Structure formats: C-alpha cells, structure tokens
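Okay, structure first, notes after.
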Amino acid sequence: TRAKSLNPGCAFAWFIGRVLNLVQGDGEAASDHFRRAMRLDSMSPLHGVVRAHLGAALAAQQRFEEALAEMRSAGKLSARFHLIKACVASDLGHLREAREDLRQYEQLTSTPAETMASGMTREERRRNLMLAGLARIRATPEGSEK
C-alpha cells in the first residue's frame, strides 16, 4: 500500500501487493490489481508473470474460460502455474491440454501434483476442485479427450 501511494505508476507495487490476496483465496481483490499492473507495464517480463497470476485469480473465482485464456497468453509458466492451468483445462473438458500441462509440471518439479495442489490453498473448495481436475486427467485414457 505504501509503495502504491509513493509511486502509483509502479506495476510491481500493484502486483505484489495482491499476491497475498490470491494465496488467501480472494481472487476478486487480486484480479483488479493484477489488471492494473498489466496496464501499467505491458512490455517487461513482469507482464507474463502478472498474467499468469491473473489467470489463477480468475480460476479462484471459478471464471475458468477467462482463467485459461490468461494463462495461455502468459508465456512461460512456472511449475505451479502449469498445475493450475492443467486443473482449469480439465474443468473445462480440455483434457489433451490439461494432460500436456500436467506433463510440463512433472518435468519442472518432483513434487507430486496432488501434494502441490493440496498445499496451494487453505480454501477446501478450491483444493477439492484442483484434486478433482487432477483425478479427471489421470482417469481419462489418452486419445479420448478433446
């Protein structure tokens, strides 16, 4: 808050100030600030990072179509965001894409996806959605998905 008041044009201040909101499950508060950060800085590598976080914030609000669109356009994703994207794609029935993102996640970390998903949020509803998405990916035979 202090950084934003000192320099309201600082995209990083708008971004970092709301990451905690996202972690705590308040995707709505986070998404507004992430959009502002993206408008302030559309050129630096920060833009893709903010876009990935916006996707996660939209997913937290169960706005899955918008979330997937943001994450698709974010560019290079970290393991955690590949996992979120896999779960969102699974929820939308895009199982081929979900499976590919799960593969990417597994190449980037040795932490089992279900372990990571269980620890990513304190909110039981969101955790259950992610675990259900992972179960759907694993239960669907390859080649039978969209």
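For the range 22-63, the solvent-accessible area works out to 46 Å² per residue, with a probe of 1.4 Å and every protein chain left in place.
If R0 is 25 Å, the Cβ-Cβ spacing of GLU65 and GLU123 corresponds to a FRET efficiency of close to 0.75. Using the 1.4 Å probe convention, the accessible area of the range 102-146 works out to 62 Å² per residue with neighbouring protein chains retained. For the chain, with all protein chains in place and a probe radius of 1.4 Å, 53% of the accessible heavy-atom surface sits on carbon or sulfur.
Between 0 and 90 degrees, the angle of helix 11-23 with respect to the longest Cα principal axis of the chain falls at about 40 degrees.
Here the gap between THR140 and THR111, fully extended at 0.36 nm per residue and compared with their Cα-Cα distance, gives a gain of 8.3 nm.
The values are calculated or read from the model by the stated rules, or taken from the named source; none is laboratory data. Worth saying up front: this structure is predicted, and the values here are computed from it rather than measured. Cβ atoms come from the backbone with ideal geometry, glycine included; neighbour counts cover every protein chain shown. Each accessible area value is taken on the protein alone, full model and side chains, heavy atoms only, with ligands, DNA and RNA left out. Shrake-Rupley method; radii C 1.70, N 1.55, O 1.52, S 1.80 Å.
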